[in-house]
Amino acid sequence: MKKSLGLKELIAIAIGGMVGGGIFTILGISVSMVGFLAPFAIALGGIVAFFAAYAYVKLGVYYKDEGATYAFFKRTFKNSHLAASFIGWYTVFGYISTLALYAYTFSAYILSGGDFAHNELIRKLVALFIIFIFALINLWSVKGMGKIEDVIVYAKLTILLIISMMLIYHTNIDYHIFLNTLSEDVKNSSLFAILTVSSVTFVAYEGFQLVINAVKDMDNPEINIPRAIYSAIVIVSSLYFIIALAAVLSIPADDLIKNKEYALAAGAKLIMGNFGEDLVIIGAVLATSSAISGTLYGSSRQMARVADDGYLPKFLTKRKGTIPTNAIITMALTASALVLSGGLRVILEFGSITFLLVSLLMAVANFKIRKYTNSSTLMGIITVIGLACGSVLILNYEYHKDIEQLSFILIIYILLSIGAYSYAKFLKHS
């Protein structure tokens, strides 16, 4: 029987999960740290993502388990209830935080320029509305979700490429000046700073692993998992490089830093007028929409899988066919609570740290069973070292950027750890 999701839909899920609000928020940070080297540092983040993807692909093909991150770690380290519960809780909450961020970014862009652009309550209500629209779509049909994801993802890719080409076409920069400035940035920016940017921007690549959550709905997982994930990373890293290059060529660095997530829209308006600004807004709305849909699809299946094993409440295991109905509803409600509570900046940083650390744990798991997953020992070592360095760099960045924020993130980890520990101990003694 033919499954609901083919390669085209799987690539769309991966791209939809990756190209959310990330590319609109990382430009200013990157330029402020490394200047005109930002496009290259962001592209280097794609290599970090490739390292993480290598472990996920190998484990995904070997286990073929929709629980993905959680299931891989649990099945590799079979005798530890504590390890399974901890990674399950951390990963699920990481997805919830990114879902809240995507929804809030969606509302910020769709309301921008209007009377309610700075009305916090309206922003939050719109964010809640879009979360539940895509929750209903995911509850409705896997095939329907896949087709809608196809349309949104490939439309947003087209629009983002058009924006990039138009920015490059309208640029007035002298390429000799650009090369000279680039040369100066190379001299003034340390390798440490460039690698830090690559680690901090990893959040913009998070989402490729959502493909593995669709293993029950796909044909030929041995072929389609690696094809979908690697294709998506190549497409997304290329797209990010082109967008970032177009931005630094056409938009003054001070504006990129000052305008933050609105830098592309503000720059496009300056160069191309209202049409340029509207095009960026449409691209951002489509980007966040597909990210919400893809994240709800994959993360709800992971939540249900964790609940199946007793590390989350049992009511989350309820399914209609392959659709985890209660998990989808719970993800939507919890993400909505985060939106209403505010503090999304700290939630975003929590998500980026969580997914980098979790990717490191996946690399360790894959290295442990490399003979079974048919993984290269050298590639395994490089992956573990690369992700470990990335984790240290992002923690160091948070420490120097905002110690209070890092402290708050640690409090979140402590609360999650208490919940994970309680479920692990209960399951052990039951």
Note to self: Just to confirm the number: angle between the C-alpha axis of helix 344-368 and the first principal axis of the chain, 0 to 90 degrees, nearest 10?
What the structure shows: 60
Next item on the list: Can you grab the distance from the C-alpha centre of the range 207-258 to the C-alpha centre of the range 47-62, Å, no decimals?
Entry: 14
Check: Tell me which aspartates and glutamates have Cα within less than 14 Å of K156's Cα, excluding those fewer than 8 residues away on the same chain?
Finding: D278
Next item on the list: Match the structure shown to one of the listed values (i) 143; (ii) 156; (iii) 132 of volume of the Cα convex hull per residue in Å³, computed from it, and give that label.
Entry: (iii)
Check: Against the longest alpha carbon principal axis of the chain, how many degrees, from 0 to 90 and to the nearest 10, is the axis of helix 221-250 turned?
Finding: 20
Checklist line | Value of relative contact order over the chain, rounded to a whole percent, pairs C-alpha under 8 Å and six or more apart | finding: 36
Check: What shape does the range 288-407 take by its C-alpha gyration tensor, where a ≥ b ≥ c are the square roots of the eigenvalues and a/c under 1.5 counts as rounded, a/b above b/c as prolate, and the rest as oblate?
Finding: oblate
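None of the figures in this text is laboratory data; all of them are computed from the coordinates on show. None of the values given here were measured: they were computed from a predicted structure.
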